[in-house]
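The values are calculated or read from the model by the stated rules, or taken from the named source; none is laboratory data. As the structure is a computational prediction, the values presented were derived from the model and not from experiment. Because the Cβ atoms are built from the backbone with ideal geometry, glycine has one as well, and the counts that use them run over all protein chains shown. Note: areas computed on protein heavy atoms with side chains; ligands, DNA, RNA excluded. Shrake-Rupley method; radii C 1.70, N 1.55, O 1.52, S 1.80 Å.
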Amino acid sequence: CPSRVVREAAIRAEPAGALVLEVVARAAAPAAVAASWPLPDWASDAGLAAKLSGNLFFDLWLCVSHFFRRAAQHCLVCLQGHPADLARLRCYPCAKQFCMFRYEEFLSSVCAELDRDAQIVELQLVLVAAAANDPHMLEPFPPQFLLNREVRARSGVVDDPSGKAINAGADNKDMQAIRSIVCRLPPISALKDAATSESRLREAMPSQDAYRFVQFVLGSCPLGLEQVRLDEHRLPLLPPSCLQLAALHGAPAAEHAFRSRAARHGTGFAFHGSPLSKWYSIMRNGLRVFSDTGLMTSGAVHGSGVYLAKASSTSVHYCNGFSGSAYRCSVGEYLQVLGILEYVDDPEVCRHTSGGDVVVRDADAMMLRYILVYGQDGSAPLMVRIEELEVAQRYAKLKQACAQRAGATGDAGSLGGGDFDLSFVFRDERNKRTHTHTRL
């Protein structure tokens, strides 16, 4: 079989199928062909080529073990490697549209996310329920709920706030169906009890559409979220009832570009406040510059850009108080969310005002690092300044602890190399069955 045909077939196969197909084809090929056959990206490191012996069973075992040890460092769909300076705590696709679609629609594991941290899943459902009241901010939008026009930008008006986005209007979204599903979703305790297999989770959902909706919501979030529990890692001076989530990394391509700029200019941290309905989009699309567009909700006294603040009291003002959601949250019935962002301190895109605000004109020069969730029963830290929270030190310490827990080498900037959750959902399209996911 020509190597080109095998490569084409492998690209379209499931990751495990592509793995087996490449190894079998290499072993069956003549020695001259096998010697000139380039290894795929996931197998090109660690000197794997030199270890292959030509014995089918030994090479298959070697490649399988190598792949699963490094699965989170590659796209889960096309197997292309993520940027070399990044390592991730969970598998995620690359930036190609096809890979993102396939992961969100078929490969994302609800069971794995519940097993990792059910409270984070609960918050994701709370935020999408809040966004269901603001059709423009429910982006990316689950494609199965588009009414009749499926050709559109992945994040609709968020990708093109000029008003010219194709098929991105609320008239193309079945918001009533989404609100109905949100209201009928089981509580997080019931979902957690059913999280022994994907098939049992499907049975616990009110409908197949409900399962696919939850799968999309969890799969579309690129952030590596970690709940901060230990006092040595938690940000100080915040109420004990505050749910602190650290975003240890963002989408692979965006994180890589951000780190490259940060190495040249340095970074700083600041607060950002937005209404509850906007955080579903922020966690998936990042903060975007909507100045002078129909999506702008506040003024632009200091010019175009995203406004951050060194004082939490300034950002809390833009949360518009506490808001409820159709999906109940254990933190409280009414919630408020504050973000802490890391920004590239480049004078060309970043401006510091005399009042302590930071205006960032380039959306790619910011990364969400913390999500702080308050219930109305707790007292928000209205007078806390970002310098008092020791964000840089605590964030680095948390990343190092996560790396050590994962069996990494101890590099605080690396999260790879160890105990990853590698749950996959294998779909049998001919028989319309979903096989129980595999955990390693």
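On full extension of the chain, what length is gained from THR297 through ASN320, given 0.36 nm per residue of separation minus the C-alpha to C-alpha distance?
Contour length minus the Cα-Cα distance gives 7.2 nm.
State the Cα centre-to-centre distance between the range 332-398 and the range 238-286 in whole Å.
Cα centres, the range 332-398 to the range 238-286: 8 Å.
With a probe of 1.4 Å, find how much accessible area the range 195-234 has per residue, and write the answer as a whole number in Å².
That works out to 38 Å² per residue.
Report the charge-dipole magnitude of the range 59-135 in Debye, nearest 20, computed about the Cα centre from +1 at each Lys and Arg Cβ and -1 at each Asp and Glu Cβ.
Rounded to the nearest 20 debye, it is 320 debye.
Placing +1 at every Lys and Arg Cβ and -1 at every Asp and Glu Cβ, with all other atoms neutral, what dipole size does the range 153-251 have around its Cα centre, in debye to the nearest 20?
Once rounded to the nearest 20, the dipole reads 160 debye.
Among GLY156, VAL126, PHE101, flag the residue with its Cα farthest along the positive direction of the charge dipole of the range 98-185, charges on Cβ as +1 for Lys/Arg and -1 for Asp/Glu.
Ranked along the dipole, the leading option is GLY156.
What's the FRET efficiency of TRP61 with SER199 using the Cβ-Cβ distance as r and R₀ = 45 Å, to the nearest 0.05?
The computed FRET efficiency comes out at 0.95.
Gap in Å between the Cα centre of the range 191-232 and the Cα centre of the range 64-141?
11 Å
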